[in-house]
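Note sheet for the following structure.
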């Protein structure tokens, strides 16, 4: 793959650093949403695209991260709470994964879906979690003495967290563990015969994905300053899969591109018509039918064909 | 009526309704290996077609039944067009891509429903004959439930007969088992797919039509049953009509008994039930164990 | 290589710039005072936002025809909140970036709650036209929020007051309510207030149904199976569902004549569109909600109803009223403040008499509008032109619903 990755990353960092100087509050918020979705979609794609683990319950960990912030934002600063949200989500992922990974394939997808939906239903009923209206008025607090209430300050925090998250996931992707996951996806039997404890490796992937799903949820709660039961809803598990598919599941950067396209398409159509869902559906359909492997995979194979 | 029997009757009715909604889903998967998320969209169309054909009027029972069947056929026609336009391109895709495509279709149907039937929710009234109750010994049954039992039994028997006993069914089974081999043997696989897809969508439309006198109609109906339907066909064992029936009745009864005895748990029943069941039997009630995925797990 | 890098870089920037949401849409007539309507105009509750918009637009047209506010025309900028807090915050920030400081609408309480921090940080006004969560004027109070709809405490309080005054013969009230925190809390509040008013009244069985449930027959059975034989004389039903949940219980309760087993049904939070949807199937029930067009005899209400009929060929419902009343509340405040600054409007709203079709009202110190709650009886009637009629109505006065 011959992508000028360094240049793109440099441009992205430059963009992130300068954005508050030329973008207004609405644009900053939009890009915060995009960044959070990117991280979230990457965490899901680590499972589905690279490890071949068809999770349909990532919202469980997104929601745990989000509700952790919702519950504790008044007591703890983000510098403590963001890592804490990750740890909580990872612990939850460890517990869920240890049981759910006894299954495989579509059954695994449904077991993880069940976990997310049980948590969703529970939030509606638990007064401490605010019931159907959720936890509102989340305090962004301060970081190194700078109040994060200001859009620019929060933008930098959000961009830094997502940037570090992507860096970490990229490191995982390129590590021996990452290669092992892809080997398990492509040929689980042979990998097993090599003496690899497949379930333990999958559990590891599930925990890492859960942790970054939790980070995405925590940032989401800070950005919106409210968290509602929708953070746990099945749609929230499905969205990042759509993003990863649009961008290309077999690539690392596919979900990043997919998250951008997904968020923008939805927002752009909702701006112009109440029937936006119709047009969003048509765009998604177009993507799958024309580029079933996703945008980046398609670009890659095009380039390979051209350079041959 | 005895308090132990009451939830049984209610749960059975609920289960049969779920079966009717989910049966087409498992049928389509069994033959074409496509998990059709847009099933809910067709279900919603069936409900709205019923409303439009009946023009929202109270109809005598036979006429309402005729209207529901007609709505199912109309839905099947939409399904056939969709199969030719969209689904044929999906059969060769990985399962997850076709899942997204059918999810996108679901959104399209929901949006179309909004454009065609407007923003105000609608309602198709029930036939007076279906509002009564029937007494069988100590048991009182709502007459519409009895009607649904009959339809449900008819669907099970009809599908079994079609697939197991007819020449067409042999071709369907051959296609489902190995579509390349079936094509080599001279079976017109494309026509089998079209026929079975339309049949599955007919069942979705029929389910929508049968539910329409029981609920309010909004385009969001497209998503309101879909997770339940997926849970049922997967617990039943994907592709198995009998398994779907058993799972649907199981969840109907589980919900009804929890509502009666432990109502605070009822809302969780589907998910907890599904999760626990699949952990111990991932292949579902009627599924076969021993897939490569399991060996590697 | 360098050329290619430059190309990629510029392509990235070219992509990024137009992708950012542009606020330019909000710019319109020069000098017009823009009011942002953030409401749900798509999805299952699209009717809420659409009717609110109709009412607000009617009020704006009337005010503009009479010369505007302080010489300025009013203009509505509509944003779809999609019943989604992220979309709400995005919409609010877009309005803020476009210089719009006055907002209204908000179909759900979560959306009102989501709007508050942004509004407080940017000194914007949030007029809660539709959202009813009591927390907005109590634990989550913020001076930038003013509610136009009655709170759920006020609605439930009115229901208890009405049950006490209108149905003294009913000894037991049973409940069928949505199964989430507020559904439980409201039922508790109703029971406590009713027992305070009529110490002899009892609460019977409470059935809580998941709001998303479509097949509710088991819940119907759970509600009706323990009723005594004479329940049609002695039991009342507190029904707290709305929308699709009400449609399901009405239609699925029909075979066993569920509503006929109660002497009276009080539907808190339901309103006319549900009767319109169900037509002849709708049982005899008392809605407890913001507004019914025949319940108020003020001159302003007569004008409103006539103008609304003319514009939209239908009587206004609660949501239309809320849109209309919000705009007139704003006008009352701006007229008094002689300014469109948010702080001045807030001060004026706290002081000014607010002219609405319900009469001249005042905001309380918690920014709750002290107002009557409307109770109206509707029932299905196959012979009526709209398949239902609403023969009786009452307004429960503000001082009776405050607690």
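Taking segment C:186-198, which residues are within 17 Å of residue C:265 (Cα to Cα) and away from chain B (no Cβ under 14 Å)?
C:186, C:190, C:191, C:194
Under the condition of being surrounded by 24 or more Cβ atoms within 10 Å (Cβ to Cβ) and closer than 13 Å to residue A:48 by Cβ, which residue from segment A:223-241 is nearest to the other protein chains (Cβ to nearest Cβ)?
A:241
Among the listed residues A:180, A:119, A:124, A:94, identify the single one that is at pLDDT 95 or above and either more than 19 Å from residue A:214 (Cβ to Cβ) or more than 14 Å from every other protein chain (Cβ to nearest Cβ) (or both).
A:94
Restricting to helices (runs of 4 or more DSSP H) lying wholly in segment C:210-263: which have 2 or more residues that are closer than 15 Å to residue C:278 by Cα and either in contact with a strand residue (DSSP E or B) (Cβ under 6 Å, 6 or more places away or on another chain) or modelled with pLDDT under 95 (or both)?
Of the helices (runs of 4 or more DSSP H) lying wholly inside segment C:210-263, those with at least 2 residues that are closer than 15 Å to residue C:278 by Cα and either in contact with a strand residue (DSSP E or B) (Cβ under 6 Å, 6 or more places away or on another chain) or modelled with pLDDT under 95 (or both) span C:244-253.
Identify all residues within segment C:296-320 that are touching a strand residue (DSSP E or B) at 6+ places or on another chain (Cβ under 8 Å) and in a helix (DSSP H, G or I); write none if there are none.
C:300, C:318
Please verify whether residue A:280 is touching a residue at least 12 places away in the same chain (Cβ under 8 Å), under 24 Å from residue A:42 (Cβ atoms) and facing chain B (nearest Cβ under 8 Å), treating the condition exactly as stated.
So residue A:280 fits the description; yes.
Name the residue, out of A:8, A:36, A:79, that is touching a residue at least 24 places away in the same chain (Cβ under 8 Å) and either crowded, with 18+ Cβ neighbours inside 10 Å or within 12 Å of chain C (Cβ to nearest Cβ) (or both).
After applying the criteria, what remains is A:36.
Hey, residue C:46 hits all of (1) without any contact (Cβ under 8 Å) to a residue 12 or more places away in the chain; (2) more than 14 Å from chain A (Cβ to nearest Cβ) but one; which does it fall short on?
Condition (2) is where residue C:46 drops out.
Could you please find all residues in segment C:354-403 being under 21 Å from residue C:306 (Cβ atoms), at pLDDT below 95 and outside any strand (DSSP E or B)?
C:385, C:386
Go through B:210, B:214 for me and flag whichever is within 11 Å of chain C (Cβ to nearest Cβ) and touching a helix residue (DSSP H, G or I) at 6+ places or on another chain (Cβ under 7 Å).
Exactly one of B:210, B:214 is within 11 Å of chain C (Cβ to nearest Cβ) and touching a helix residue (DSSP H, G or I) at 6+ places or on another chain (Cβ under 7 Å), namely B:214.
Tell me, please, whether a residue that is closer than 24 Å to residue A:56 by Cβ, more than 14 Å from chain C (Cβ to nearest Cβ), under 13 Å from the mean Cα position of the chain (by Cα) and modelled with pLDDT of 90 or more can be found in segment B:247-257.
Yes.
So that you can scan it fast, the table gives a plain yes or no per residue for (1) more than 11 Å from every other protein chain (Cβ to nearest Cβ); (2) part of a helix (DSSP H, G or I); (3) in contact with a helix residue (DSSP H, G or I) (Cβ under 7 Å, 6 or more places away or on another chain):
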| site | (1), (2), (3) |
| --- | --- |
| B:65 | yes, yes, no |
| B:73 | yes, yes, yes |
| B:77 | yes, yes, no |
| B:83 | yes, yes, yes |
| B:88 | no, yes, no |
| B:91 | yes, no, yes |
| B:97 | no, yes, yes |
| B:101 | no, yes, yes |
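In this structure, is residue B:10 modelled with pLDDT of 90 or more and either buried (at least 24 other Cβ atoms within 10 Å of the Cβ) or at positive phi (or both)?
no
What tally of residues in segment A:140-170 results from selecting those that are surrounded by 18 or more Cβ atoms within 10 Å (Cβ to Cβ) and within 14 Å of chain C (Cβ to nearest Cβ)?
So the answer is 8.
Has segment C:79-91 got at least one residue that is buried (at least 21 other Cβ atoms within 10 Å of the Cβ), in contact (Cβ under 8 Å) with a residue 60 or more places away in the chain, more than 9 Å from chain A (Cβ to nearest Cβ) and over 14 Å from the mean Cα position of the chain (by Cα)?
Within segment C:79-91, not a single residue is buried (at least 21 other Cβ atoms within 10 Å of the Cβ), in contact (Cβ under 8 Å) with a residue 60 or more places away in the chain, more than 9 Å from chain A (Cβ to nearest Cβ) and over 14 Å from the mean Cα position of the chain (by Cα).
Out of curiosity, is residue C:82 in contact with a helix residue (DSSP H, G or I) (Cβ under 8 Å, 6 or more places away or on another chain), outside the structural domain of residue C:340 (by TED's automatic domain parsing) and either on the phi > 0 side of the Ramachandran plot or not in a loop (DSSP other than H, G, I, E, B) (or both)?
Judged against the criteria, residue C:82 is not a match.
Considering each residue of segment C:225-252, count those that are more than 10 Å from chain B (Cβ to nearest Cβ) and more than 30 Å from residue A:230 (Cβ to Cβ), and give that number.
11
Starting from segment C:199-218, keep only residues that are away from chain B (no Cβ under 14 Å), then list their pairs with residues that are in a loop (DSSP other than H, G, I, E, B) and at pLDDT below 90 whose Cβ atoms are within a distance under 7 Å, requiring at least 6 positions of separation or different chains.
Listed pairs, sorted by first residue: none to list.
Please go through (1) buried (at least 22 other Cβ atoms within 10 Å of the Cβ); (2) within 14 Å of chain B (Cβ to nearest Cβ) for residue C:276 and return the number of the only condition it doesn't satisfy.
Failed condition: (1).
Residue A:250 - would you say it is within 13 Å of chain B (Cβ to nearest Cβ) and farther than 30 Å from residue A:156 by Cβ?
Taking the combined requirement at face value, the residue satisfies it.
So, in segment A:283-308, exactly how many residues are at the interface with chain B (Cβ under 9 Å from one of its Cβ atoms) and part of a helix (DSSP H, G or I)?
Adding up the residues that qualify gives 7.
Pick from C:281, C:335: which is in contact (Cβ under 8 Å) with a residue 12 or more places away in the chain, over 21 Å from residue C:400 (Cα atoms) and crowded, with 20+ Cβ neighbours inside 10 Å?
Among C:281, C:335, only C:281 is in contact (Cβ under 8 Å) with a residue 12 or more places away in the chain, over 21 Å from residue C:400 (Cα atoms) and crowded, with 20+ Cβ neighbours inside 10 Å.
Can you confirm whether residue C:172 is more than 15 Å from the chain's Cα centre (by Cα), in contact (Cβ under 8 Å) with a residue 40 or more places away in the chain and farther than 30 Å from residue A:122 by Cβ?
Here the answer is yes, as residue C:172 does meet what is asked.
The values are calculated or read from the model by the stated rules, or taken from the named source; none is laboratory data. All values derive from a computational prediction rather than experimental measurement. Don't worry about glycine lacking a Cβ; one is built from the backbone with ideal geometry, like all the others, and counts go over all protein chains shown.
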